[in-house]
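A short worksheet on the structure shown next.
Every number in this text was worked out from the coordinates using simple rules, so none of it is lab data. Everything quoted here is computed from the prediction, not taken from an experiment. A quick note on method: Cβ atoms are made from the backbone with ideal geometry, for glycine too, and the neighbour counts reach across all protein chains shown.
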Amino acid sequence: MKTKAAVAWQAGKPLTIETVDLAGPRTGEVMVGIKATGICHTDYYTLSGADPEGAFPAILGHEGAGIVVEVGPGVSSLRPGDHVIPLYTPECRECKFCLSRKTNLCQKIRSTQGRGLMPDGTSRFSIDGRPILHYMGTSTFANHIVAPEISLAKIRPDAPFDKVCYIGCGVTTGVGAVLFSARVEAGANVVIFGLGGIGLNVAQGARMVGANRIIGVDLNRDREAMARKFGVTDFLNPREIEAAGGNIVDAIIAVTDGGADYSFECIGSTKTMRQSLECCHKGWGRSIIIGVAEAGAEISTRPFQLVTGRKWEGSAFGGARGRTDVPKIVDWYMEGKLRIDDLITHTLSLDQINHGFDLMKRGESIRSVVVF
Ligand code: NAD
Ligand code: DAO
Ligand code: ZN
Ligand code: ZN
């Protein structure tokens, strides 16, 4: 079939809207009509050329929601009409990683997904016979996609696509990091570095579990009002603290009577990753790295920070097992336990998608959503 998509032809160039050929689903695959997609920092990271796995031409996008149109042979858990959220972290429930119960990083289709291909090593997208690569197993900047069954979470049919698409990455990454990766307990002191599309969701996750102080750190003072709405109790701007002769780590240690029980780095800077570890409480504080740093970057600290009980960890897709946990997160939103609407600051059409990237680069949006 023919469908419309925003195609990334090469790194650093704007996307162009094209009519794309999409081949039907093969064994274990499902065709989905995408109804809405968020634009995430990671799409920009790949488009900029900084992503070592980034390959072109490709159809980016990994934060979508839509409706099953057709299922291929052997598909048993989905049928046409089901509402779904595509998963860049699949859940096969049978690989060593899934069976370990220690990680959400299913590896069943990792090697082909990382090369922009379906599990059989080919692409379903093409233009004039030239293959166009998939992206993160999702490619939600296309009006229709084909994805593996294990990369689709079935969600309730009354959830609005233009809001719950954000659960495909940002909401789950932030809220999940608190609930599934760190398992923050009520009464804990939480520090969040970076109050953007991910950090604000860490904040609402921390509020959900009954954290005590939720300290938000951001250079952009405009983020304070929104952060307070999402649970941040204290806002710290490192530039203002430095201008007054202090430093952010000492400021956090002072506010928390010794340091954070949990800190979350939601920026992707190795400098703030170090601060995120060193602001942790001696003996037990845990620093969870969510931000993705530039390729080849390295982190450092004095090893004595670890000897004295601070822990450095990471979280991908919030530690969520997508097919199991994403439907629950959609329920939490529908039950009013999570807020999404305020975070979606811009709603755009597909042909405005490059404007969505510009808003994100200028720090003017939290989330832009493209509606098909
Ligand atoms: P964003 O741009 O919306 O937010 C980043 C925030 O950090 C902004 O508010 C900015 O003002 C602030 N900031 C920048 N430099 C700072 C500094 N030195 N000190 C304090 N604040 C600073 O980005 P986002 O969409 O929230 O994504 C954050 C990171 O998370 C990115 O690196 C992204 O690639 C990554 N990410 C990780 C996962 C995962 O599963 N681990 C998933 C999605 C995104
Ligand atoms: O299993 O090796 C692997 C890759 C897992 C990918 C997890 C991606 C998390 C960070 C990237 C940001 C996603 C939007
Ligand atoms: Zn994302
Ligand atoms: Zn698996």
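Tabulated data
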read-out: Which of Phe141, Phe56 has the fewest Cβ neighbours within 10 Å, and the rest in rising order; value: Phe56, Phe141
read-out: Cα Rg over Rh - the range 174-315, Kirkwood; value: 0.93
read-out: Pairwise centroid distance, computed over Cα atoms, of the range 1-33 with the range 302-347, Å; value: 29
read-out: Theoretical FRET efficiency, 1/(1+(r/R0)^6), r = Cβ-Cβ of Asn220 and Ser77, R0 56 Å, to 0.05; value: 0.85
read-out: Over the chain, relative contact order from alpha-carbon pairs under 8 Å, at least 6 apart, %; value: 18
read-out: Net charge of neighbours whose Cβ lies under 13 Å from the Cβ of Ala254, counting Lys and Arg as +1 and Asp and Glu as -1; value: -2
read-out: Estimated vicinal HN-Hα couplings, Hz - the range 80-94 in sequence order (Karplus 6.51, -1.76, 1.60; Gly, Pro = x); value: x, x, 5, 8, 9, 10, x, 10, 7, 10, x, 9, 7, 6, 9
read-out: Between the range 49-71 and the range 94-136, the alpha-carbon center distance in angstrom; value: 11
read-out: Cα→Cβ-extended label distance, 7 Å offset, between Gln352 and Glu294, nm; value: 3.2
read-out: Flagged links, alpha-carbon separation over 28 Å, of Lys2/Lys154; Lys96/Lys282; Lys35/Lys328; Lys102/Lys154; Lys108/Lys154; Lys102/Lys328; value: Lys96/Lys282
read-out: Reachable aspartates and glutamates from Lys4, criterion Cα separation under 12 angstrom, eight or more residues apart if same chain; value: Glu18, Asp21, Asp351
read-out: Average projected area [Cα convex hull, the chain], square nanometres; value: 17.6
read-out: Note, ³J(HN,Hα) from phi for the range 56-68, Karplus 6.51, -1.76, 1.60, rounded to Hz, x at Gly and Pro; value: 10, x, 8, 10, 7, x, 8, 9, x, 8, x, 10, 5
read-out: Percent of Cα pairs exceeding the 11 Å cut-off, where the set is the range 167-218; value: 62
